[in-house]
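Presented below is the structure to which this report refers.
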Amino acid sequence: MTAQFEDAVLEVIRSIPAGHVMSYGDIAAEAGFPRAARAVGTLLATTPADCPWWRVVGWDGRLRAPDVGKQAALLATESVLVRGGRAILSK
């Protein structure tokens, strides 16, 4: 991963407002790196940077953090409804 990729992805993640979620693929695309969803996941798993990682979900809303219980709890504090391991996205 390049510093440019890391900076762009972390900027997008930090811009996700409380109460909202984004998929790995959407983050990659918005950062200017379409089709780099897995690299976004790798970055989140390895970065010491402070960012709202709990707002990042799979393309289908599925929670993907190593501790999905903690991810669900953090999302709940932001009024994001989670059922069956998925963030329920409002339309």
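The values are calculated or read from the model by the stated rules, or taken from the named source; none is laboratory data. Nothing here was measured: the structure is a model prediction, and the numbers come from that model. Every residue, glycine among them, receives a Cβ derived from its backbone with ideal geometry; neighbour counts consider all protein chains shown. These area figures cover heavy atoms from the full protein model, side chains too; ligands, DNA and RNA do not enter into them. Shrake-Rupley method; radii C 1.70, N 1.55, O 1.52, S 1.80 Å.
For Pro48, indicate whether it is modelled with pLDDT under 95, on the phi < 0 side of the Ramachandran plot and not hydrophobic (A, V, I, L, M, F, W, C). Yes: the conditions hold for Pro48. Could you list all residues from segment 48-78 that are under 16 Å from Ile16 (Cβ atoms), over 11 Å from the mean Cα position of the chain (by Cα) and in a loop (DSSP other than H, G, I, E, B)? The answer is Ala49, Asp50, Glu78.
Within segment 26-51, count every residue that is within 17 Å of Leu63 (Cβ to Cβ) and open to solvent by less than 30 Å² (accessible area, probe 1.4 Å). Count: 4. A single member of Trp54, Trp59 is in contact (Cβ under 8 Å) with a residue 24 or more places away in the chain, in contact with a strand residue (DSSP E or B) (Cβ under 9 Å, 6 or more places away or on another chain) and aromatic (Phe, Trp, Tyr), and it is Trp59.
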